[in-house]
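Here is the structure we will look at.
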Amino acid sequence: AASSGTARAAMKKGKLQSLGAVLRNGVVYILGRVRKEQMAELVGREELAVIMPTEKLAQLAMSDAHNQDHRRSPQDVMARARRHLWIPQGARLAKEVIRKCVKCRLNDNKMARQIMASLPQERLRAAAPFEFTALDMFGPFIVKDPARGRRRFKCWGVMFVCLASRAVAMFASPGYDTKTFLVTYSKFTSVYDTPRRCYADHGPQIKAGATAPDWEEVKRRGGEAGTDWIFTAKGCSWRNGAAERAIRMARHTLLQMLQKDLTLDFHELEALLARAAFLINSRPLSVRLTGA
């Protein structure tokens, strides 16, 4: 009843006409668009008293509805407050109550986010394809040996990413050991030439190759061609983000291409990886601008 004067003034101006407002004993009530028995089933009352949002009673009622479980949704808070009274423009008042709630503000306190470092020069300057390369391995894939009937073995995909153009190349590696990886890497360099700089993850099979005698010979020959190998720190695979992102695209592409429960042989897997690389390289790398 304390807010009946403001509600009556709003009713006289026609602001509550769409709500079906009625004046009874000096208090404005609404029925909404439902009947009394339906209103009683919904909120437990046949009619609701109107309290304007500028009234202190409306603010206290909305705060009480929010403080029951500190819901963050204005619609939920407004619906809970309407069990006792009707507040026009209640969503706006509910948002204000939620915003001013001290407990919610403490719970919403966000921790400091990591600031990303500047991009390396290899990502920003023009370069030949795969002159600056990031690589990583993913898998495994179960393939069959066509020469030995039902024999199955594991293969891994080796992802090569050009840091300048974001083009990708994928080759199948029939093993996880250093020697097999180096053979796969040799196939890549035979097609795309030896990169000037190569970033690799700190995977055990790759890092072990950096100190193995065979790898030292390959590293020496690559050094003569100008290749500089850079490994990420342990537990920091995200530093090789270009390769990680490309592997994610490759997994999604292969999921669409490869039939479920279908086992390929090694040559079919290699062809599938080459096809997936073609599809990934067909994506737009920049915004196309057409002349006026």
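Using the basic label-point model (7 angstrom from Cα toward the beta carbon), what is the Leu279 to Arg150 distance in nanometres?
Rounded to a tenth, the inter-label distance reads 3.2 nm.
For segment 131-172, which trypsin sites (Lys or Arg not before Pro) are both in a DSSP coil and crowded by at most 10 other Cβ atoms within 10 Å? Numbers along the way, then the final one.
Details: sites: Lys144, Arg148, Arg150, Arg151, Arg152, Lys154, Arg166; in loops: Arg150, Arg151, Arg166.
Here the sparse-neighbourhood loop sites are Arg150, Arg151.
If I model a spin label as a point 7 Å beyond the Cα along the Cα-Cβ vector, how far apart are those points for Asp228 and Arg99 in nm?
The answer from the label model is 5.2 nm.
Please list, in chain and number order, the residues 5+ apart from Asp265 or on another chain whose amide H is under 5 Å from its amide H, with Hs placed from the backbone.
Those lying under 5 Å, H to H, from Asp265 are Lys144.
Subtract the Cα-Cα distance of His267 and Gln121 from 0.36 nm times their separation in residues, and report this length gain in nm to one decimal. Can you show the working numbers first?
Values: separation 146, 0.36 × 146 = 52.56 nm, distance 3.70 nm.
Length gained, His267 through Gln121: 48.9 nm.
Quick one: of Lys144/Lys260; Lys15/Lys56; Lys12/Lys100, which pairs are farther than 25 Å apart, Cα to Cα? Present the calculation step by step, with values, prior to reporting the outcome.
Working: Lys144/Lys260 15 Å; Lys15/Lys56 20 Å; Lys12/Lys100 32 Å.
Going by Cα-Cα distance, Lys12/Lys100 fall outside the 25 Å limit.
³J(HN,Hα) across segment 128-141 via Karplus (A = 6.51, B = -1.76, C = 1.60, θ = phi - 60°), whole Hz, x for Gly/Pro?
3J(HN,Hα) across segment 128-141, in whole Hz: 5, x, 6, 5, 10, 10, 10, 9, 7, 10, 9, x, x, 10.
When the chain is fully extended, how far beyond the present Cα-Cα distance does Thr54 get from Asp177, taking 0.36 nm per residue of separation?
Numbers: separation 123, 0.36 × 123 = 44.28 nm, distance 7.31 nm.
So the chain would gain 37.0 nm between Thr54 and Asp177.
For segment 77-88, what does the Karplus curve 6.51 cos²θ - 1.76 cosθ + 1.60, with θ = phi - 60°, yield as ³J(HN,Hα) per residue in whole Hz, taken in order and with x for Gly and Pro?
Each residue's phi maps through the Karplus curve to give 5, 5, 5, 5, 5, 6, 6, 10, 7, 10, 10, x Hz.
Would you grab the residues whose amide H sits under 5 Å from the one on Trp229? Only those 5+ places off in sequence or on another chain, please, with H modelled 1.01 Å from N.
Cys198
If R0 is 51 Å, what FRET efficiency do you get for Asp69 and Asn25 from their C-beta distance, rounded to 0.05? Show your work: numbers first, answer last.
Numbers: r = 34 Å, r/R0 = 0.67.
Efficiency, from the Cβ-Cβ distance: 0.90.
Please go through segment 46-108 and write out the trypsin sites (Lys or Arg not before Pro) that DSSP classes as loop and that have at most 16 other C-beta atoms within 10 Å. Mind dumping the intermediate values first?
Numbers: sites: Lys56, Arg71, Arg72, Arg80, Arg82, Arg83, Arg92, Lys95, Arg99, Lys100, Lys103, Arg105; in loops: Arg71, Arg72, Arg82, Arg83.
Passing both the DSSP loop test and the Cβ count: Arg72, Arg83.
A short reminder: the numbers here are calculations on the coordinates, not readings from a lab. What you are looking at is a predicted structure, and each value in this text was computed from that prediction instead of being measured. In this analysis, Cβ positions are derived from the backbone assuming ideal geometry, glycine residues included, and neighbour counts consider all displayed protein chains.
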